[in-house]
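Below is one structure, written out as structure tokens, with a few remarks after it.
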Amino acid sequence: MVKPEISIIISTYNAEAWLEKVLWSYEAQSFKNFEIVIADDGSKQPTFNLLERIKNEVSFPIQHVWHEDNGFQKTKILNKAIVACNANYILMSDGDCMARKDFVETHYAKREKGYFLSGGYFKLPMDISQKITKQDILSQDCFNLKWLLANGLPSSFKNNKLNASPLKAKVLNTITPTNASWNGHNASGWKKDILAVNGFDERMQYGGEDREMGERLFNMGIKSKQIRYNAICLHLDHSRGYVNQEAIDKNQAIRAVVKKENLKWTNYGILQKS
């Protein structure tokens, strides 16, 4: 097998209906030289069944990196997926984020030594999320603002994200108040840089766990580029039963130490002392 130019890590947990839509969005990509690495935080048999079937239906290779379900351990499975990546460049997204056809091409074209790329997502309401079919994805109709409006999407300034020209996207990327942080649903960087900070801190639960790694990349001297209006993914709606304030508070305390002590490395990452 030819070594891929990009390894794309997709995180998932017992959400095979959304994961299937996401995988079809990668079949429609204009840039083809990539692999998908599924970072699976303990899904049950239906996810295994989906991946065994769809491996024979798509044109890209899929690795399934899985561990047993032991609560929210997304950072732990992401670290395992990072190690499994065959490419020198890694793009991370989630199993509920469908990628527009130029998504991978945009990340590949804008990659640069000494930088990581920071994108965002466009949230869809539940009724549209459920309505989208495989054909809507392969035809790219579901990324078309007119199609979305016709299917009930409310009008909003945020809709500019979906139909921005390259010039308009450049302007919007410049004026957006959103920081160019490492966002687990839409970010990419060099594998060697991610390994140099020891990946994700496995103490982190839901709530800023991806940004914490990005903050250590900043401390190491890596800069970020804003591409939230260029690299478009649609976020399929779902409940968030795993959110709890205690975990968020713990995460913020870890991030405060990273900032105060200018930490570049975590002792709770890919490499850990036995």
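Derivation of every value follows stated rules applied to the coordinates shown; laboratory data play no part. Worth saying up front: this structure is predicted, and the values here are computed from it rather than measured. Here Cβ is always computed from backbone atoms with ideal geometry, including for glycine, and neighbour counts include all displayed protein chains.
Arranged from fewest to most other beta-carbon atoms within 10 Å of their beta carbon, Glu246, Glu16, Glu5 become Glu246, Glu5, Glu16. Each label point was placed 7 Å from the Cα along the Cα-to-Cβ direction; for Ile248 and Phe157 their separation is 2.4 nm.
Computed packing ranks the peptides 185-193, 41-49, 136-144 as 185-193, 136-144, 41-49, most packed first, by mean other Cβ atoms within 10 Å. Within the chain, DSSP assigns beta bridges of which about 30% are antiparallel (rounded to the nearest 5). A straight line joining the Cα centroids of the range 68-117 and the range 190-228 runs 12 Å. Summarising the label geometry, the points placed 7 Å from Cα in the beta-carbon direction at Lys225 and Gln135 lie 3.8 nm from one another. As a length-normalised measure over Cα pairs under 8 Å and 6 or more apart, the relative contact order of the range 90-241 settles at 50 percent. A cut-off under 11 angstrom between Cβ atoms defines the neighbours of Val258, and their net charge, with Lys, Arg +1 and Asp, Glu -1, is +2. Structural descriptor for the chain: relative contact order 25 percent, calculated from alpha carbon pairs under 8 angstrom and at least 6 residues apart. Once both labels are positioned 7 Å from their Cα atoms along Cα-to-Cβ, the gap between Val171 and Val83 label points is 4.9 nm. Summary value for the range 1-95: 45 percent relative contact order, contacts being C-alpha pairs under 8 angstrom separated by 6+ residues. Taking 4.7 Å between C-beta atoms as the pairing limit, the chain has these partnerless cysteines: Cys85, Cys142. Add +1 for every Lys or Arg and -1 for every Asp or Glu among the other residues with Cβ under 12 Å from the Cβ of Glu215, and state the total. The answer is +1.
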